[in-house]
């Protein structure tokens, strides 16, 4: 029994001496490699760009209505009427409209708004300071500007209601129609004496004055289209050229 205990002790001692030798160097507890976790790379921090300051827009200046110029050629009816009255007043040496004084000769609009300025000829009232009056006729020139034509207190031969019908009053069997409102313009054709044609517009080429009435040209269309002198024609509603001949004399050579 004692021998067995000694054998067991020897065996245990042998095992204790052999065990470390059997363990590989790499498995030595003292030499076990410690696995250190690899640190995650630090996130790259991009610098925040500096904010670019947007320029503050300069507000557009608000136009001052009182300082805004008004065109001289304002086509409004009131300005057109004022221009027509001013043209007649200037030629006759008197006032017009609101500038008129009591007891003085004056140019005014026809009563009841009877003056129309949407065409090439217009009628105005000549009011005499001493009483009575007449009709002042104004017409547009070739540039469209109002000019004084004539003053009448009775019947006249000229055609004022344009567009309208016009009668040819020639000193010969025919009258030369011109391509432009000028006696020196090229001929566009001929119209016979007494012939009635349609006049679409009028252009005053010789403004009137205190001493004499003016003259101009009618634009006619039909078999012959062109311009006819106001001195060589008459309002067709009169029936013939009698009144024209009484005022102007027998037809001359204009045209």
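Nothing in this text is a laboratory measurement; each read-out follows from the coordinates by a stated rule. Since the structure is predicted, the reported quantities are computational estimates derived from the model, not experimental observations. Here the Cβ is made from the backbone with ideal geometry for all residues, glycine too, and neighbour counts use every protein chain on show.
At a Förster radius of 41 Å, what calculated FRET efficiency corresponds to the Cβ-Cβ distance of residue 153 and residue 182, to the nearest 0.05?
0.85
At a Förster distance of 45 Å, what's the computed FRET efficiency of residue 99 paired with residue 196, Cβ-Cβ distance as r, to 0.05?
Efficiency for this residue pair is about 0.60.
Rounded, prolate or oblate, given the Cα gyration tensor of the stretch 77-152, with a/c below 1.5 counting as rounded?
Prolate, since a/c reaches 1.5 and a/b exceeds b/c.
Which shape class, rounded, prolate or oblate, goes with the stretch 105-255 when its Cα gyration tensor gives a ≥ b ≥ c as root eigenvalues, a/c under 1.5 marks rounded, and past that a/b bigger than b/c marks prolate?
Details: a/c = 2.00, a/b = 1.68, b/c = 1.19.
Taking the square roots of the gyration eigenvalues as a ≥ b ≥ c, the stretch 105-255 is prolate.
According to a simple spin-label model (label point 7 Å from Cα along Cα-to-Cβ), what is the distance in nm between residue 118 and residue 237?
If labels sit at residue 237 and residue 118, their model points lie 1.8 nm apart.
Under 13 Å from a point placed 7 Å out from the Cα of residue 174 along the Cα-to-Cβ direction: which residues of the stretch 192-215 have their backbone N that close?
Residues passing the 13 Å test: 192-193.
Please find the FRET efficiency linking residue 225 to residue 128, where r is the Cβ-Cβ separation and R0 is fixed at 41 Å, and quote it to the nearest 0.05.
On the way: r = 42 Å, r/R0 = 1.02.
Once the sixth-power term is evaluated, E becomes 0.45.
Using the Cα gyration tensor of the stretch 164-248, with a ≥ b ≥ c the square roots of its eigenvalues, what is the shape: rounded (a/c below 1.5), prolate (a/b larger than b/c) or oblate (neither)?
Judged from the Cα gyration tensor, the stretch 164-248 comes out oblate (a/c at least 1.5, b/c at or above a/b).
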